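The values are calculated or read from the model by the stated rules, or taken from the named source; none is laboratory data. Bear in mind that the values here come from a model prediction, so they are computed numbers and not experimental data. No Cβ is skipped: glycine too gets one built from the backbone with ideal geometry, and neighbour counts run over all protein chains shown.
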C-alpha cells in the first residue's frame with residue numbers, strides 16, 4: 001500500500017486476489033439474471049467444444065476405417081456415415097457459435113454495467129469525504145483510479161472472468177474425458193500438471209505486487225499532469241514548460257519501468273506455464289503413440305486424447321493469462337476499495353443542543369446565530385501548530401461581523417470550522433444554538449452561503465454556474481441574482497449570453513467577472529448566514545463599488561461574516577474582530593479600535609495613509 005493510501009486508511013492484512021475481488025460481489029449481485037444467461041451460454045459453448053474430439057474419434061474409428069473393406073456396398077455405407085458425421089460436426093459448430101455469441105454479449109454488458117456502477121459509487125463516496133482526505137490524496141490520483149483502475153476491472157468482469165470460467169470448464173471437462181478415454185495416460189498428465197501449478201501460483205503473487213506498483217506509478221504521473229495543467233498560467237508565466245515536461249517525463253519513465261517489470265514477470269509466468277504443461281503433455285502423448293503402435297489403442301482414441309490434451313494445454317495457457325489479468329484487477333480493486341471504504345472523520349454526533357436552541361421564537365432574537373466557545377484547532381497536516389487558540393465569539397442575528405488581521409491569523413480557518421470542513425480539537429462551534437456536529441452536513445451547509453477568495457467557475461455556461469447556488473431556480477431568478485451581483489450586463493454581452501460556455505475553470509472570464517459569478521451564485525442560494533472571504537478582492541474600483549452596494553442590500557436582514565484585508569470595505573460593520581496568530585486580540589467598532597491604538601490602528605494607518 002502506498003503512503004497516500006495509508007493516509008486514507010490504516011494498513012490491512014494482505015488478502016488473496018480472490019478475496020479482494022469478492023468485494024465486487026455487491027456490484028454484480030443486482031444483475032444475477034444476466035449472470036445466469038451468461039453462465040448457461042458458457043455451459044452450452046463448453047459442452048459443444050468438448051463434443052468435438054469425441055466426434056472426430058467416431059469419424060476416424062467408425063467412418064474412415066470402413067473404407068479398408070473391399071466390397072463396394074461397405075464403402076458406400078461408410079461414405080454415408082462420413083457425411084452424417086460431418087453434418088453432426090457442423091451442428092456442433094453452430095451450437096458453439098451461438099453459445100459463444102450470447103456469452104460474449106452478456107459478459108460484455110455486465111462488464112460495462114458493473115464498471116459504471118463502481119465508478120459512480122466511488123465518485124459519490126469521494127465527494128462526501130472530509131478535508132483531510134483531499135489534503136492527502138491528489139485529485140489526479142482519484143481520477144486515475146476512476147479511469148485506469150476501473151478499466152482493468154472492466155476487462156476482468158467483461159472478458160477475463162468469462163475466459164477464465166470457459167477455460168476452467170474446458171480444463172475440467174477435458175481432464176474428465178481424458179480419464180474416460182485413457183485413464184492411465186490422463187492420470188499421469190493430471191499428476192504432472194498438479195506439480196506444475198504450485199510454482200505458477202506462487203509466482204502469480206509476485207505479478208500482483210508488481211501490478212499494484214505499476215498502477216501506483218501511473219497514477220502519480222496522471223496526478224502530476226493534472227495538477228500542472230490546472231496551473232498552466234503559472235507554468236507559462238515562469239517559463240517552466242521544459243522543466244515540467246522533464247518532470248512528467250521522469251514520472252512517465254518510472255511508470256514505464258514499473259510496467260516493464262510487471263510485463264516481464266507476466267511473460268515469464270506465461271512462458272513457464274506453456275513450456276511445463278506442453279512438456280508434460282508431449283511426454284504423455286509419446287506414451288500414447290507407443291500404445292497405438294503396440295495395438296493396445298485405436299488411432300481414433302489417440303486422436304481424441306490428443307485433442308483433449310490440446311484443450312488442457314490451451315486452457316492452462318489461457319488461465320495463466322487470465323491469472324495475470326486477475327492479479328492486475330485485484331490491485332486495481334484494492335485501490336478503488338480504499339476510496340470506497342474511506343470514512344470521513346465528520347460523523348454525525350448525537351450531541352444535545354444547547355439550552356438556547358430550545359427557546360421560543362420570541363426569545364430567540366437574542367440567541368447568537370453563530371457562537372464559538374473556547375475553540376482551538378490545528379490542521380491535521382500541521383498538528384503541532386495551532387491555527388486557532390481559545391477563540392470565543394458570538395454573532396447575533398442580522399449582524400455584520402468583519403474579521404481582519406494579517407495573513408495566517410486564522411480568519412479563513414474560522415470559516416472552515418463553521419462549514420464543518422474540520423472539527424475543532426477543543427471547544428464548540430454552534431449554529432442557532434446547536435453544535436454543528438449534531439447537524440447533518442447538508443442541513444448545516446444549506447444555511448450558509450460562501451463567496452470564497454479563490455472562486456471556482458465550472459466548465460459550463462453562465463446560467464448553470466449561477467444556478468449551482470439553487471438548482472430549482474428559474475432563469476429569471478438567475479438573472480435577478482446576476483443583476484444584484486453586477487454580472488448581468490457583461491453576461492448579456494457574451495456571444496450567447498447566459499448560454500455562453502465559460503471554459504475550463506472559467507478561463508474565458510476575467511478575475512473580476514469570475515468573482516461576480518460567485519457572488520451571484522451565493523445570492524441565488526439566499527442563505528440566512530453569509531460568509532464573504534475577500535469577496536471583492538479581484539474587482540476594479542468601479543465594480544467594487546457596485547458590488548459593495550449589491551452586498552449591502554443582500555446583507556440586510558441577514559447575518560454576515562466578512563473577511564477583509566481592505567479595511568475601507570468594513571468600516572461600517574456592526575463589529576470588527578481583529579485576529580492574530582489564531583486568537584482574537586481586539587474587537588469593537590472602527591472608531592473605538594482606532595482609538596485603542598492596537599493592531600487594527602496600525603493596519604489602518606498603513607492602508608489609509
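Tabulated data for the structure shown
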quantity: Within region 275-284, tally of residues that are surrounded by 15 or more Cβ atoms within 10 Å (Cβ to Cβ) and in contact (Cβ under 8 Å) with a residue 40 or more places away in the chain; calculated: 5
quantity: Unique residue being in the same structural domain as residue 563 (by TED's automatic domain parsing), at pLDDT 80 or above, surrounded by fewer than 21 Cβ atoms within 10 Å (Cβ to Cβ) and touching a strand residue (DSSP E or B) at 6+ places or on another chain (Cβ under 6 Å) when the list is 420, 428; calculated: 428
quantity: Residue check, residue 597 out of contact with any helix residue (DSSP H, G or I) (no Cβ under 9 Å at 6 or more places or on another chain), more than 30 Å from residue 378 (Cβ to Cβ) and at pLDDT 80 or above; calculated: yes
quantity: Test: residue 93 is surrounded by 16 or more Cβ atoms within 10 Å (Cβ to Cβ) and at pLDDT 75 or above; calculated: no
quantity: Number of the condition not met by residue 73 [criteria: (1) at pLDDT below 70; (2) within 12 Å of the chain's Cα centre (by Cα)]; calculated: (2)
quantity: Near pairs, Cβ below 6 angstrom, 6+ apart or cross-chain, from region 328-350 (within 29 Å of residue 435 (Cβ to Cβ)) to any residue that is modelled with pLDDT under 80 and in a helix (DSSP H, G or I); calculated: 342/8
quantity: Residue 303 vs. criteria farther than 30 Å from residue 214 by Cα, outside any helix (DSSP H, G or I) and more than 29 Å from the chain's Cα centre (by Cα); calculated: no
quantity: Listing of strands (runs of 3 or more DSSP E) fully contained in region 373-438 that carry 1 or more residues being free of Cβ contacts under 8 Å to residues at least 40 places away in the same chain and farther than 19 Å from residue 135 by Cα; calculated: 386-395
quantity: Residue satisfying condition, being modelled with pLDDT of 75 or more, in the same structural domain as residue 151 (by TED's automatic domain parsing), assigned to a helix (DSSP H, G or I) and surrounded by 14 or more Cβ atoms within 10 Å (Cβ to Cβ), within set 311, 297; calculated: 311
quantity: Hey, residue 106 at pLDDT 85 or above and touching a helix residue (DSSP H, G or I) at 6+ places or on another chain (Cβ under 9 Å) or not; calculated: yes
quantity: Yes/no for residue 320 being outside any loop (DSSP other than H, G, I, E, B) and modelled with pLDDT of 90 or more; calculated: no
quantity: Selection count where residues are assigned to a helix (DSSP H, G or I), in contact (Cβ under 8 Å) with a residue 12 or more places away in the chain and under 19 Å from residue 400 (Cβ atoms), scope region 586-602; calculated: 3
quantity: Check on residue 471, under 18 Å from residue 522 (Cβ atoms) and touching a strand residue (DSSP E or B) at 6+ places or on another chain (Cβ under 9 Å); calculated: no
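Rundown of residues vs (1) within 28 Å of the chain's Cα centre (by Cα); (2) under 30 Å from residue 503 (Cβ atoms), yes/no style:
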| residue | (1), (2) |
| --- | --- |
| 411 | no, no |
| 423 | yes, no |
| 433 | no, no |
| 458 | yes, yes |
| 464 | yes, yes |
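Let's see how each residue does on (1) on the phi > 0 side of the Ramachandran plot; (2) surrounded by fewer than 17 Cβ atoms within 10 Å (Cβ to Cβ); (3) assigned to a strand (DSSP E or B):
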{"residue": "557", "(1), (2), (3)": "yes, yes, no"}
{"residue": "565", "(1), (2), (3)": "no, yes, no"}
{"residue": "568", "(1), (2), (3)": "no, yes, no"}
{"residue": "576", "(1), (2), (3)": "no, no, yes"}
{"residue": "579", "(1), (2), (3)": "no, no, yes"}
{"residue": "607", "(1), (2), (3)": "no, yes, no"}
